[in-house]
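See below for the structure under consideration.
The values are calculated or read from the model by the stated rules, or taken from the named source; none is laboratory data. The shown structure was predicted, so the numbers you read here are calculated from the model rather than taken from an experiment. As a convention, Cβ positions derive from the backbone with ideal geometry for all residues, glycine included, and neighbour counts pool all protein chains shown.
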C-alpha cells in the first residue's frame, strides 16, 4: 500500500490538501494513526459518514476541522473559530513534518 503524503497549502483561510490520488479508507486510517503519535496535534473527535469524514483537531490553543469528502475527492482544514486562522501556517508546517 502506498503511503498517504499530502501537500498542504494555505488558501482563503483554509489549509487545502493536494494529493495525486485521493486516499483509500485504509490510507486515511494510517494518517489518523500518524496524527495520534504527535505531541503537537491532538485528535478530539472523529466522525464518519457515508461519503465523508470529519476529524476535529486541537493545535496551539485552537480547534480545527479536517474534512474528507469522498464524493468530490476534496480534503481541507478550517479553523473552528476565526481566532484560530492565525495558526494555519504553523499547523501546515506541523502536518508536513508528521505525515
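Restricting attention to region 12-31, and to residues there that are in contact with a strand residue (DSSP E or B) (Cβ under 7 Å, 6 or more places away or on another chain) and surrounded by 15 or more Cβ atoms within 10 Å (Cβ to Cβ), which single residue is nearest to residue 70 (Cα to Cα)?
Ranking the qualifying residues of region 12-31, first place goes to 28.
Quickly run through region 58-89 and pick out the residues that are in contact with a helix residue (DSSP H, G or I) (Cβ under 8 Å, 6 or more places away or on another chain) and assigned to a strand (DSSP E or B).
If the condition is that a residue be in contact with a helix residue (DSSP H, G or I) (Cβ under 8 Å, 6 or more places away or on another chain) and assigned to a strand (DSSP E or B), then 59, 62, 63, 64, 68, 77, 79 are the ones that fit.
When region 38-51 is examined, which residues are found to be assigned to a loop (DSSP other than H, G, I, E, B) and either surrounded by 11 or more Cβ atoms within 10 Å (Cβ to Cβ) or touching a residue at least 60 places away in the same chain (Cβ under 8 Å) (or both)? Reasoning before the result, please.
Step one: list which residues in region 38-51 are assigned to a loop (DSSP other than H, G, I, E, B), which gives 38-41, 49-51.
Selection gives 38, 40, 41.
Residue by residue through region 9-28, note down the ones that are modelled with pLDDT under 85 and either in contact with a helix residue (DSSP H, G or I) (Cβ under 9 Å, 6 or more places away or on another chain) or over 27 Å from residue 86 (Cα atoms) (or both). Break it down stepwise before answering.
We begin by selecting, within region 9-28, every residue modelled with pLDDT under 85; these are 18-28.
Within region 9-28, 20, 21, 22, 23, 24, 25, 26, 27 meet the criteria.
Give me the pairs: first residue in region 58-70 and free of Cβ contacts under 8 Å to residues at least 60 places away in the same chain, second residue in a loop (DSSP other than H, G, I, E, B) and buried (at least 17 other Cβ atoms within 10 Å of the Cβ), beta-carbon distance under 9 Å, and six or more apart or on different chains, which are they?
Correct list of pairs: 58/41; 59/41; 64/41; 68/23.
Filter region 52-71 for residues that are over 9 Å from the mean Cα position of the chain (by Cα) and closer than 21 Å to residue 93 by Cβ; which is surrounded by the fewest Cβ atoms within 10 Å (Cβ to Cβ)?
It comes out as 61.
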